[in-house]
1. Residues that are surrounded by 11 or more Cβ atoms within 10 Å (Cβ to Cβ), touching a residue at least 40 places away in the same chain (Cβ under 8 Å) and not β-branched (Val, Ile, Thr): does the range 35-47 have at least one?
2. Go over the candidates Ala48, Ala94 one by one and state the one that is modelled with pLDDT of 95 or more and small (Gly, Ala, Ser).
3. Quick one: would you say Asp55 is among the charged types (D, E, K, R) and surrounded by 14 or more Cβ atoms within 10 Å (Cβ to Cβ)?
4. So if I check each of Tyr95, Tyr109, which one is of a type in the set (Phe, Trp, Tyr) and in contact (Cβ under 8 Å) with a residue 40 or more places away in the chain?
5. Just checking, does the range 55-67 include any residue being of a type in the set (D, E, K, R), under 18 Å from Leu110 (Cβ atoms) and at pLDDT below 90?
6. Find the residue count for the range 66-118, including only residues that are outside any strand (DSSP E or B), within 16 Å of the chain's Cα centre (by Cα) and of a type in the set (S, T, N, Q).
7. I'd like to verify a number: residues in the range 1-18 that are surrounded by 11 or more Cβ atoms within 10 Å (Cβ to Cβ) and either in contact with a helix residue (DSSP H, G or I) (Cβ under 9 Å, 6 or more places away or on another chain) or part of a loop (DSSP other than H, G, I, E, B) (or both), how many?
Amino acid sequence: MWTYGNIRIFAQSEVDAGAQIIPRIQPLGGGTILQVFGHEDVIKTITAIIVGTDDADHMDTLVASGVAFPLVGPEGAMGNYYPKTIGVTRQLSAYQTIRQDLDCTAPVYLVNLELYGA
């Protein structure tokens with residue numbers, strides 16, 4: 001089971017992306033020169049499902065908090081991450097069976113998280 005900021009999420013995909021800062025200089029009399037200035041921290045992108053209006057509303061408040069929240073996956077704690085962007089989209093569903101602690105008519109949401117490491 002996954003959680004982000006104590007909100008239960010059902011991860012569908014996880015992508016870690018990083019980049020180096022490498023400008024290219026092309027002088028008139030020679031070949032290309034590459035200069036490495038460092039790297040960006042890894043950006044974690046997660047697509048997940050959440051169930052219930054309370055969790056969806058709470059997810060929306062995380063972006064404006066200015067706080068890094070713990071991300072916990074099946075293997076354990078993955079670190080604290082700042083929410084860069086969070087997109088919550090309600091999905092069409094007749095009933096849900098993912099969270100049996102909630103009513104079967106609880107709404108289901110697709111959540112896209114872009115997280116920056118703290």
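1. The answer is yes, given that some residue of the range 35-47 is surrounded by 11 or more Cβ atoms within 10 Å (Cβ to Cβ), touching a residue at least 40 places away in the same chain (Cβ under 8 Å) and not β-branched (Val, Ile, Thr).
2. The match here is Ala48.
3. In short, yes.
4. From the options Tyr95, Tyr109, the qualifying one is Tyr109.
5. There is at least one residue in the range 55-67 that is of a type in the set (D, E, K, R), under 18 Å from Leu110 (Cβ atoms) and at pLDDT below 90.
6. 0
7. 5
Each row is one residue, and each column tells you yes or no for (1) in contact with a Phe, Trp or Tyr (Cβ under 6 Å, 6 or more places away or on another chain); (2) farther than 24 Å from Asp101 by Cα.
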position: Ile9; (1), (2): yes, no
position: Ala17; (1), (2): no, yes
position: Ile25; (1), (2): no, yes
position: Gly38; (1), (2): no, yes
position: Asp41; (1), (2): no, yes
position: Val51; (1), (2): no, no
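The values are calculated or read from the model by the stated rules, or taken from the named source; none is laboratory data. Everything numeric in this text was worked out from a predicted model, so none of it was measured. Backbone-built Cβ (ideal geometry, glycine too); neighbour counts: all protein chains shown.
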